[in-house]
1. With runs of 4+ DSSP H residues as the only contributors, calculate the mean residue ellipticity of the chain at 222 nm using -39,500 (n - 2.57) per run, divided by the residue total and rounded to the nearest 500.
2. So what's the Cα pair-distance distribution over the stretch 71-146, bin width 10 Å, in %?
3. When 1/r is averaged over all different Cα pairs and the result inverted, which Kirkwood radius in Å belongs to the chain?
4. Can you bin every Cα-Cα distance in the stretch 13-77 into 5 Å intervals starting at zero and give me the percent of pairs per bin, rounded to whole numbers?
5. If you build a Gaussian network model of the chain, linking Cα atoms that sit under 10 Å apart, which residue out of LEU151, LEU132, LEU48 swings the most?
6. Order these by the 10 Å Cβ neighbour count, fewest first: MET141, MET50.
7. Please report, in debye to the nearest 20, how large the charge dipole of the chain is about its Cα centre when each Lys and Arg carries +1 at its beta carbon and each Asp and Glu carries -1 there.
Amino acid sequence: MASLHRYQAKRHFDRTPEPRGAVTPSRDKLRFVVQRHAASTLHYDFRLEMDGVLKSWAITRQPEADPAVKRLAVPTEDHPVEYAQFEGDIPPGEYGGSHVDLWDQGTWVPEDAPIAAYRRGKLQFELKGKRLKGRWALVRMGNAQTRKKDLWLLMKRIDAEDAGA
Ligand code: MN
């Protein structure tokens, strides 16, 4: 079972408007969210609901719906599912202090059992967002040595309707 221990340990909930949250068993529709986070280094936080939490990756530039473009995705701590609604200002001096915008949100449909696919390092899924749609993948990079760094790639895949075009 997932845990929010790392998420909660990093934050002071008397000072940040972010939700404390709780592990929340998933219902039939799994949520995803992308948050634009204007921290000291602007990045996008890509989050997929799984195992009662939002599995999270930080992406240096905005996701691109072009199969030729792969985005480096660095895992970050699991976030509570209710974080999928969060936008606003995290106060200066607090963890991640800066402005957060909801950049996209919707549901995602995994092609394989998601927890096992996550552990294998190869998630293939459909996104049903306002900006991001169609087939995507998150794949853990590298061989046994580089895998210790736990770096992933987010990439668009060719949609079936595009394949013969
Ligand atoms: Mn962030």
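Any read-out appearing in this document is the output of simple, stated calculations on the displayed coordinates, not a laboratory observation. For clarity, every value in this text was computed on a predicted model and none was experimentally measured. Neighbour counts are summed over all protein chains in view; Cβ atoms, including those assigned to glycine, are modelled from backbone coordinates with ideal geometry.
1. Details: 3 runs with 16 residues, N = 165.
Mean residue ellipticity at 222 nm (helix-derived): -2000 deg cm²/dmol.
2. For the stretch 71-146, the binned pair fractions read 15, 39, 32, 15, 0 percent.
3. Details: mean 1/r = 0.0611 Å⁻¹.
After inverting the pairwise mean of 1/r, the radius is 16.4 Å.
4. 4, 15, 20, 24, 18, 12, 5, 2, 0
5. LEU151
6. Listing MET141, MET50 from fewest to most nearby Cβ atoms yields MET141, MET50.
7. Rounded to the nearest 20 debye, it is 540 debye.
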